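Student: There's a structure below that I have some questions on.
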């Protein structure tokens, strides 16, 4: 559920200027205490020493980050050697989220484009159809996916029955299952921003290109795509960022071998095997990655705005 | 216009769109169908039956699911109400408060829950409640949901409010209404569609949430998603499909209401 | 009715600044009771800002505003007994027409039924009673306009402010509304302050006009004075069409100034105190106060060549080029065609002016 910062618009209406601080106070208090302060607290925890039965000892330590990047052997005093275990999990998460994003783009772009070029009165109903699944509980959608993709599940039954395959495909508990699950979870996030930018696109530009001897595909690539790029980038971020930290799809569809960041974090806070500072450190690394992506995006947006 | 001369139409896009809809709906339809399966096994179809719906309400796990459903709905209603009220006040300050130094910072703060990955918010909230010695349970879920839902309630309200020209309040004040009267009599009714959308969105987000709830719920307190997850972890059973189908119906009902509210206009 | 010479709104040295930008520079004006007063100027001239300062939507940076002698610039809008007709009407879209019109009365403490009764009367006045239970979106632009007027008049304000209320209407409706507004103003006896950028509208409706530009008042006077005796180049150019000529004043004698137009052409006109001998200034001559003839006439005549005739419906505009001098635009009414000759392009003719047509401008 990542999104850019909500823009307040440029309107400078000031009817309630005198009350503005009072009106904002509840949101400052609630979000400040229950979201911002916890994130700061988490940062502190990532630099503390682990307590074996969950929780922390208030003693400064870098061991959580050390554990993430390095292997110091059994007794912790050997020369540091890069430990690829956790980095590999991050790498797999990036790869899975990237694959899901590309899949969403391949399906989402034509869909968004098709909807945006329907007669105006029909567009709302198409958008409505695309958004309904987003409103359905993510857990239920993921469970449905799990049910559908099983070895003896309806999808395999169907494919065998129509004679496309002889033996059921093994999809569940593979990387592909996770990618499909992520794709399914966040597909509407790809369609909606692209739809919004194609809808704003002035098709007279395409006609002008066609008039100047450009073929349809050249027009699409050279004229339309540059114009709707902001929507495409927004869609990619809206799919990639939540996929990166996803928990349900990898956990329910991927099985033990296809661990992603979300499961790794969750494991640190469950039961006695947990390591809170380590979990906090992994969360900090994930948060830093996500905020970096959003920051770069915001900066490019601002530059694009300045240019236009 | 023929396909040859129409610069807008691309071959295959319609097919992909239909494929997209199939992908989005097929899993939901399949689960709905199988929730009416008479068989004890989820693999074999043995004919139509309401057996699993009955099981949800009177079966061995019914008490657990009823309590979880009650928790889920109470939390969703309270969290959505609180976050909508907070968001309405915040949107009024941001959209009608003029330019001020804390405006951008406030917007950033309000949208923080959208920018921080959900699992990170979950971890942070758990750590926070733990470090202040707050016992995890119903109340921690409620508080976490209220904070998390604020941006979801906020966005439709802000969008609606930006569409309302400030001359309406000015006209009201010109006609001897105080600022409070202008807000209550003119601005609030005009904002209503946005407020209802914001509330419904916050409600769904709260009802939907698994990750944060899972971290802050503590032992013994379950919401529907955590109860379903726990059950699915032990294997897919048909009663889960029945529950899923009912939740699905609730979601679709909500989104339909939201659709008509956003289309409806109290100005006609 | 109060004494006609009483001052309704008195603006004293009002200044409006937005940060470093000064939107209004020391405006002073007195609007009389029962007057139809117009603030006229191009967009960005500060006319709407001034109106909003009177209504109470903008702070006054410096100076004061008085309403029938009472200082009001620090009162919030809901405590000022003035009402506004907004540019886009700002009818409350969620209320019925009747509730819209009754809103002000209700806010002033009238009971709901009393407010409705009075609102009904106001709707009668603007002939919209049959639409009382409709919502604003169901009315046409002209009807909404009248509802906005009824709503602003319902609480019997001391002064009615109108912010370009006719600009959203089409031409025909606008003309009809101009007459109706003027009529209602006379009937109610309420002071109207009307803001517009349309000079024709201002000339048609107003008792007095203040012409504004760049945050300053350029000229204040009755429509006829402003049209016929513009004080400066801005007013001459903004109001109506005119021939603006750059001239040098060669001599001033007995209240008459002899001006050189270039190319050896000379004209005499009434001298103005501010313009001294030898000055290079502008002169304004309205095209309808010029006429063409084959031979020189008793009035001042200048010889030239016809360049072009442009037919514009009621009139014909002719452009005549004075050898080595300026071009003149001459307007001939089509109703004069019997008496005045139309010259073909290329023909030689004399351009003549009525006495007092040429005016020297101060700046």
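The values are calculated or read from the model by the stated rules, or taken from the named source; none is laboratory data. Values in this document were obtained by computation on a predicted structure and should not be read as measured data. Note that each Cβ is placed from the backbone with ideal geometry, even for glycine, and that neighbours are counted across all protein chains shown.
Student: All but one of (1) at negative phi; (2) at the interface with another protein chain (Cβ under 9 Å from one of its Cβ atoms); (3) in a loop (DSSP other than H, G, I, E, B) hold for residue B:169; state the number of the condition that does not hold.
Tutor: Going through (1) at negative phi; (2) at the interface with another protein chain (Cβ under 9 Å from one of its Cβ atoms); (3) in a loop (DSSP other than H, G, I, E, B) one by one, residue B:169 breaks only (3).
Student: Find the residue count for segment B:229-252, including only residues that are in contact (Cβ under 8 Å) with a residue 24 or more places away in the chain and either at positive phi or more than 8 Å from every other protein chain (Cβ to nearest Cβ) (or both).
Tutor: 9
Student: Scan segment B:121-136 for residues that are facing chain A (nearest Cβ under 7 Å) and touching a residue at least 24 places away in the same chain (Cβ under 8 Å) and jot them down.
Tutor: Answer for segment B:121-136, where residues must be facing chain A (nearest Cβ under 7 Å) and touching a residue at least 24 places away in the same chain (Cβ under 8 Å): B:121, B:123, B:125, B:126.
Yes/no matrix, rows are residues, columns are (1) touching a residue at least 60 places away in the same chain (Cβ under 8 Å); (2) within 21 Å of residue A:142 (Cβ to Cβ); (3) out of contact with any strand residue (DSSP E or B) (no Cβ under 6 Å at 6 or more places or on another chain):
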| site | (1), (2), (3) |
| --- | --- |
| B:14 | no, no, yes |
| B:26 | no, yes, yes |
| B:61 | yes, yes, yes |
| B:74 | no, no, yes |
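Student: Still on this model: Is it true that residue B:63 is facing another protein chain (nearest Cβ under 8 Å) and either surrounded by 20 or more Cβ atoms within 10 Å (Cβ to Cβ) or in a helix (DSSP H, G or I) (or both)?
Tutor: The answer is no for residue B:63.
Student: Considering every residue within segment B:97-109, establish whether at least one is in contact (Cβ under 8 Å) with a residue 40 or more places away in the chain and either within 12 Å of chain A (Cβ to nearest Cβ) or surrounded by 24 or more Cβ atoms within 10 Å (Cβ to Cβ) (or both).
Tutor: First pass over segment B:97-109, keeping only residues in contact (Cβ under 8 Å) with a residue 40 or more places away in the chain: none.
Looking for residues that are in contact (Cβ under 8 Å) with a residue 40 or more places away in the chain and either within 12 Å of chain A (Cβ to nearest Cβ) or surrounded by 24 or more Cβ atoms within 10 Å (Cβ to Cβ) (or both), one finds none in segment B:97-109, hence no.
Student: On to the next question. Counting only residues that are under 22 Å from residue A:185 (Cβ atoms) and either surrounded by 12 or more Cβ atoms within 10 Å (Cβ to Cβ) or under 19 Å from the mean Cα position of the chain (by Cα) (or both), how many does segment A:250-304 have? Show your work before the answer.
Tutor: Start the filter on segment A:250-304 by keeping residues that are under 22 Å from residue A:185 (Cβ atoms), which leaves A:250-267, A:282-283, A:286-287, A:289-291, A:293-294, A:297.
Next, only the ones that are either surrounded by 12 or more Cβ atoms within 10 Å (Cβ to Cβ) or under 19 Å from the mean Cα position of the chain (by Cα) (or both) stay: A:250-255, A:258-267, A:282-283, A:286-287, A:289-291, A:293-294, A:297.
The number of residues fulfilling the criteria is 26.
Student: If you take the residues of segment C:204-221 that are touching a residue at least 40 places away in the same chain (Cβ under 8 Å) and outside any strand (DSSP E or B), which of them is nearest to residue C:33 (Cα to Cα)?
Tutor: C:207
Student: Still on this model: Of everything in segment C:184-203, what is in a loop (DSSP other than H, G, I, E, B) and either within 16 Å of residue C:30 (Cα to Cα) or within 8 Å of the chain's Cα centre (by Cα) (or both)? Give them in sequence order. If you could, list the steps in order and put the result at the bottom.
Tutor: First, the residues of segment C:184-203 that are in a loop (DSSP other than H, G, I, E, B): C:189-190, C:197-198.
Answer for segment C:184-203, where residues must be in a loop (DSSP other than H, G, I, E, B) and either within 16 Å of residue C:30 (Cα to Cα) or within 8 Å of the chain's Cα centre (by Cα) (or both): C:190, C:197, C:198.
Listed here are the residues, each with its yes/no results for (1) modelled with pLDDT under 90; (2) assigned to a helix (DSSP H, G or I); (3) in contact with a strand residue (DSSP E or B) (Cβ under 7 Å, 6 or more places away or on another chain); (4) surrounded by 15 or more Cβ atoms within 10 Å (Cβ to Cβ).
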residue	(1), (2), (3), (4)
A:3	yes, no, no, yes
A:6	yes, no, no, yes
A:34	no, yes, no, yes
A:52	yes, no, no, no
A:57	yes, no, yes, no
A:64	yes, yes, no, yes
A:76	yes, no, no, no
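Student: Now for a separate question. Is it the case that residue B:226 is touching a residue at least 40 places away in the same chain (Cβ under 8 Å), part of a helix (DSSP H, G or I) and within 15 Å of the chain's Cα centre (by Cα)?
Tutor: Numbers: touching a residue at least 40 places away in the same chain (Cβ under 8 Å): yes; part of a helix (DSSP H, G or I): yes; within 15 Å of the chain's Cα centre (by Cα): no.
Against the criterion (touching a residue at least 40 places away in the same chain (Cβ under 8 Å), part of a helix (DSSP H, G or I) and within 15 Å of the chain's Cα centre (by Cα)), residue B:226 does not qualify.
Student: Report every pair of residues separated by at least 6 positions or lying on different chains whose Cβ atoms are under 8 Å apart, first residue within segment A:287-308 and more than 25 Å from residue B:124 (Cα to Cα), second surrounded by 11 or more Cβ atoms within 10 Å (Cβ to Cβ) and modelled with pLDDT under 85.
Tutor: A:301/A:4
Student: Quick check on my filter: what residues within segment A:35-70 are at the interface with another protein chain (Cβ under 7 Å from one of its Cβ atoms) and farther than 24 Å from residue B:101 by Cβ? Before the answer, list the steps.
Tutor: Step one: of segment A:35-70, the residues at the interface with another protein chain (Cβ under 7 Å from one of its Cβ atoms) are A:35-39, A:41-42, A:45, A:55.
Listed by number, the residues that qualify are A:38, A:41, A:42, A:45, A:55.
Student: Here's a follow-up. Tell me yes or no: at least one residue of segment C:107-119 is within 13 Å of chain B (Cβ to nearest Cβ), in contact (Cβ under 8 Å) with a residue 40 or more places away in the chain and under 32 Å from the mean Cα position of the chain (by Cα).
Tutor: no
Student: Would you pick out the residues in segment C:309-332 that are more than 29 Å from residue C:258 (Cβ to Cβ) and surrounded by 12 or more Cβ atoms within 10 Å (Cβ to Cβ)?
Tutor: Kept after step one, since they are more than 29 Å from residue C:258 (Cβ to Cβ), are these residues of segment C:309-332: C:309-316.
Of everything in segment C:309-332, those that are more than 29 Å from residue C:258 (Cβ to Cβ) and surrounded by 12 or more Cβ atoms within 10 Å (Cβ to Cβ) turn out to be C:309, C:315, C:316.
Student: While we're looking at this one, here's another question. Name the single residue, out of those in segment B:152-166 being at the interface with another protein chain (Cβ under 7 Å from one of its Cβ atoms) and in a helix (DSSP H, G or I), that is nearest to residue C:110 (Cα to Cα).
Tutor: The extreme case among them is B:162.
Student: Confirm whether residue A:187 is part of a helix (DSSP H, G or I), surrounded by 16 or more Cβ atoms within 10 Å (Cβ to Cβ), within 12 Å of another protein chain (Cβ to nearest Cβ) and in contact (Cβ under 8 Å) with a residue 12 or more places away in the chain. Step through it out loud before you land on a result.
Tutor: On the way: part of a helix (DSSP H, G or I): yes; surrounded by 16 or more Cβ atoms within 10 Å (Cβ to Cβ): yes; within 12 Å of another protein chain (Cβ to nearest Cβ): yes; in contact (Cβ under 8 Å) with a residue 12 or more places away in the chain: yes.
For residue A:187, the condition - part of a helix (DSSP H, G or I), surrounded by 16 or more Cβ atoms within 10 Å (Cβ to Cβ), within 12 Å of another protein chain (Cβ to nearest Cβ) and in contact (Cβ under 8 Å) with a residue 12 or more places away in the chain - is met.
Student: Shifting gears a bit: Checking residue C:263 against (1) more than 28 Å from the chain's Cα centre (by Cα); (2) at pLDDT below 90; (3) under 26 Å from residue C:239 (Cβ atoms): exactly one of these is not met. Which one?
Tutor: Condition (3) is where residue C:263 drops out.
Student: Just one of (1) surrounded by 15 or more Cβ atoms within 10 Å (Cβ to Cβ); (2) in a helix (DSSP H, G or I); (3) more than 9 Å from chain A (Cβ to nearest Cβ) trips up residue B:27, so point out which.
Tutor: Every condition holds for residue B:27 apart from (3).
Student: Evaluate the following for residue B:176: is it assigned to a helix (DSSP H, G or I), crowded, with 22+ Cβ neighbours inside 10 Å and within 8 Å of another protein chain (Cβ to nearest Cβ)?
Tutor: On the way: assigned to a helix (DSSP H, G or I): no; crowded, with 22+ Cβ neighbours inside 10 Å: yes; within 8 Å of another protein chain (Cβ to nearest Cβ): yes.
No.
Student: Give me a count of the residues in segment A:117-153 that are more than 7 Å from every other protein chain (Cβ to nearest Cβ), over 24 Å from the mean Cα position of the chain (by Cα) and touching a residue at least 24 places away in the same chain (Cβ under 8 Å).
Tutor: Residues in segment A:117-153 being more than 7 Å from every other protein chain (Cβ to nearest Cβ), over 24 Å from the mean Cα position of the chain (by Cα) and touching a residue at least 24 places away in the same chain (Cβ under 8 Å): 1 in total.
Student: OK, next. State whether one or more residues within segment B:52-59 are away from chain A (no Cβ under 11 Å), touching a strand residue (DSSP E or B) at 6+ places or on another chain (Cβ under 9 Å), touching a residue at least 40 places away in the same chain (Cβ under 8 Å) and surrounded by 14 or more Cβ atoms within 10 Å (Cβ to Cβ).
Tutor: Applying the first criterion (away from chain A (no Cβ under 11 Å)) to segment B:52-59 yields B:52-59.
Applying the additional criterion that residues be touching a strand residue (DSSP E or B) at 6+ places or on another chain (Cβ under 9 Å) yields B:52.
The next check asks that each one be touching a residue at least 40 places away in the same chain (Cβ under 8 Å); those that pass are B:52.
Next, from what is left, pick out any that are surrounded by 14 or more Cβ atoms within 10 Å (Cβ to Cβ): B:52.
Yes; the residues of segment B:52-59 include at least one that is away from chain A (no Cβ under 11 Å), touching a strand residue (DSSP E or B) at 6+ places or on another chain (Cβ under 9 Å), touching a residue at least 40 places away in the same chain (Cβ under 8 Å) and surrounded by 14 or more Cβ atoms within 10 Å (Cβ to Cβ).
Student: Right, residue C:115: touching a helix residue (DSSP H, G or I) at 6+ places or on another chain (Cβ under 9 Å), closer than 23 Å to residue B:190 by Cβ and not in a helix (DSSP H, G or I) or not?
Tutor: Details: touching a helix residue (DSSP H, G or I) at 6+ places or on another chain (Cβ under 9 Å): yes; closer than 23 Å to residue B:190 by Cβ: yes; not in a helix (DSSP H, G or I): no.
No: the conditions fail for residue C:115.
Student: Restricting to segment A:253-283, and then to whatever is assigned to a helix (DSSP H, G or I) and facing another protein chain (nearest Cβ under 8 Å), can you tell me which residue is nearest to residue A:50 (Cα to Cα)?
Tutor: Step one: list which residues in segment A:253-283 are assigned to a helix (DSSP H, G or I), which gives A:253-254, A:256-258, A:261-268, A:276-283.
Remaining after also requiring facing another protein chain (nearest Cβ under 8 Å): A:261-262, A:265-266, A:276, A:279-280, A:283.
On the way: A:261: 20, A:262: 20, A:265: 15, A:266: 16, A:276: 6, A:279: 10, A:280: 11, A:283: 15 Å.
The selected residue is A:276.
Student: Check B:255, B:186, B:205, B:216 and return the single one that is more than 14 Å from chain C (Cβ to nearest Cβ) and farther than 30 Å from residue A:283 by Cα. Explain how you work it out, then say what you get.
Tutor: Details: B:186 fails: more than 14 Å from chain C (Cβ to nearest Cβ); B:205 fails: farther than 30 Å from residue A:283 by Cα; B:216 fails: farther than 30 Å from residue A:283 by Cα.
Result: B:255 is the single residue among B:255, B:186, B:205, B:216 that is more than 14 Å from chain C (Cβ to nearest Cβ) and farther than 30 Å from residue A:283 by Cα.
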